[in-house]
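Single-structure report; data block below.
Derivation of every value follows stated rules applied to the coordinates shown; laboratory data play no part. As the structure is a prediction and not an experimental result, all values here were calculated from the model. Because the Cβ atoms are built from the backbone with ideal geometry, glycine has one as well, and the counts that use them run over all protein chains shown.
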Amino acid sequence: MEVAIVKYNAGNVYSVVNAMRRLGVEPLLTDDAEQLMKADRVLFPGQGEARGAMEYLHQHGLVNVIRNLKQPVLGICIGQQLLCRHSEEGNVDCIGVFDAEVKRFQPQRHEDKVPAMGWNSIHVENGGQLFKGLSEEPYVYFVHSYYVPVCKETAAVADYIVPYSASLSKDNFYACQFHPEKSGMVGETILKNFLEIESTK
């Protein structure tokens, strides 16, 4: 199986590379459109800033390429946010797979810290294949200052300051706001489930 990881100016990509290796997969880190299109699975991970990330994707002609991928695609952290329509971070239009606007957390109380960092439970509402074999409320690891509101494409919900989309799903696109590669056995199960999703490509 060929697994490609979208290369762009985002940090923390190598933890995803290592997670794939633990599952017996040697992924290809690339910003080449042809290699992304021919891969069996595409991972779109990272930590970074939305405007700078979108500028890189536009410069490399990858926005339409990612939007039109037919194989299973998994966005992680900022990857989930960039798959949405628009982000308040840098006030930038994003790829637009998911019809949602990414918003910044607004602390309501003294103890509300931004970025949200640490373990939190999620409630799986319509997780389908991605959350197969897991409980309805597994614990996963988050680091983020922006969030996707609950919407029609929400697959799992987390609650920090407000309820928000911990995971999204639409057609062949899946996404997690949390970091499965840092979420122990739960995260490993999610990544393994993603690799086993049947492709209609």
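Quick notes on this one:
- Under the Karplus curve 6.51 cos²θ - 1.76 cosθ + 1.60, θ = phi - 60°, whole-Hz ³J(HN,Hα) for segment 103-108, x wherever Gly or Pro sits: 10, 8, 4, 10, x, 9
- Across the chain, the mean sequence separation of Cα contacts (distance under 8 Å, 6 or more residues apart), normalised by length, yields a relative contact order of 19 percent.
- Highest average first, the peptides 145-151, 25-31 ordered by how many other beta carbon atoms sit within 10 Å of their residues are 145-151, 25-31.
- Cut-off under 5 Å, modelled amide H: who pairs with residue 5 long-range: 28, 29, 30, 43
- The chain: most fluctuating residue of 177, 59, 47 per GNM, C-alpha cutoff 10 Å: 59
- Using Cβ point charges alone (K and R +1, D and E -1), the dipole size of the chain about the Cα centre works out to roughly 120 debye.
- For the pair residue 171 and residue 117, a Förster radius of 41 Å applied to the C-beta separation gives a FRET efficiency near 0.85, rounded to the nearest 0.05.
- Distance in nm between pseudo-label sites at residue 34 and residue 199 (7 Å out along the Cβ direction from Cα): 1.7
- For segment 159-175, putting each phi into the Karplus relation 6.51 cos²θ - 1.76 cosθ + 1.60 with θ = phi - 60° gives couplings of 10, 8, 6, 9, x, 8, 7, 7, 8, 10, 8, 7, 6, 8, 9, 10, 7 Hz, in residue order, rounded to whole numbers and with x for Gly and Pro.
- Listed peptides 160-170, 130-140, 100-110, 187-197 appear in the order 160-170, 187-197, 130-140, 100-110 once ranked by packing, highest mean of other Cβ atoms within 10 Å at the front.
- Among 61, 48, 24: highest mean-square fluctuation, GNM of the chain, C-alpha pairs under 10 Å: 24
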